[in-house]
């Protein structure tokens, strides 16, 4: 191939079908997938994060999965470094890189070439500690940082700002080899897909997975703050029935989908298309590249 392979970015809210679409396209067109998901980076968190199955990973090479233990720190800067290395490696072998996921900051960090600040800044931490809850939330808005799931917890708000410590240096649009597609889904369809996925997760071994994670890493680490694990823990304690836990999980996933859409829709360069139209548009780009 004479020209560099395009970077195909497939994003959108949780349960929109982006993962399946990317897997099918990557398998057909000789691609490899970089998972832009802030939960699937954790080892052992498979069912609860809807991580690609072992079978899917055998079909197509996946990057940025199982990077750290649930208690370890992993930042957007870490993801950017791994993703950029993966893109270079994939292209060097005449393969097509697919950046796929719903964590908007991870995607932005790569396609807009963010420059991150220092990993630890004691002075900044002290300043953050002096702010009120309202000021911390306002700072998230001003810096375009997505709120953590538990936005009533000061520690989580402060850690979230530190985790997403971005300088003002960034591009305003991706380069001309990058194509960003958002999967557009009707609200009713999205809610139905979230319901179906919840049923599948609760029908699986999610309780056993949660028990194993607690045994290995405890219940108070960063990875365990995801949508489902605190609910399963409450269910195990008898505080929630399985049906109550499932309904709360569906609500939390719906709220996550709305937060993801709010983040992604800030960008004019995202092409919002239904699944079928996105498939056609991406295949046209890949065919043009193959013919070049």
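Here, each number is a calculation from the coordinates, and none is a lab measurement. All of these numbers come straight from a predicted model, not from anything done at the bench. Because the Cβ atoms are built from the backbone with ideal geometry, glycine has one as well, and the counts that use them run over all protein chains shown.
The gain in end-to-end length when the residue 243 to residue 281 segment is fully stretched comes to 9.7 nm, 0.36 nm per residue minus the alpha carbon separation.
Per residue, the Cα convex hull of the range 1-157 amounts to 128 Å³. Among 39, 154, 125, the largest mean-square fluctuation in a Gaussian network model of the chain, built with springs joining Cα atoms closer than 10 Å, belongs to 125.
Give the shape of the range 139-292 as rounded, prolate or oblate, defined through the alpha-carbon gyration tensor: a ≥ b ≥ c are the square roots of its eigenvalues, a/c under 1.5 means rounded, and otherwise the shape is prolate if a/b is larger than b/c and oblate if not.
oblate
Sorted fewest first by neighbouring Cβ atoms within 10 angstrom, 32, 69 come out as 69, 32. For the range 188-256, taking Cα atoms only, Rg and Dmax work out to 12.1, 38 Å respectively.
Answer rounded, prolate or oblate for the chain, using the Cα gyration tensor with square roots of eigenvalues a ≥ b ≥ c: rounded when a/c is under 1.5, else prolate when a/b is larger than b/c, else oblate. All intermediate terms of the calculation are to be shown ahead of the outcome.
Numbers: a/c = 1.69, a/b = 1.24, b/c = 1.37.
It is oblate, given that a/c is not under 1.5 and a/b is not larger than b/c.
Distance from the Cα centroid of the range 203-278 to that of the range 63-93 is 22 Å (rounded to whole angstrom). If the segment from residue 88 to residue 126 were pulled out straight at 0.36 nm per residue, it would be longer than the present Cα-Cα gap by 9.8 nm.
I need the calculated FRET efficiency for the pair residue 236 and residue 192, taking r as the beta carbon distance and R₀ as 25 Å, to the nearest 0.05. It comes to 0.35.
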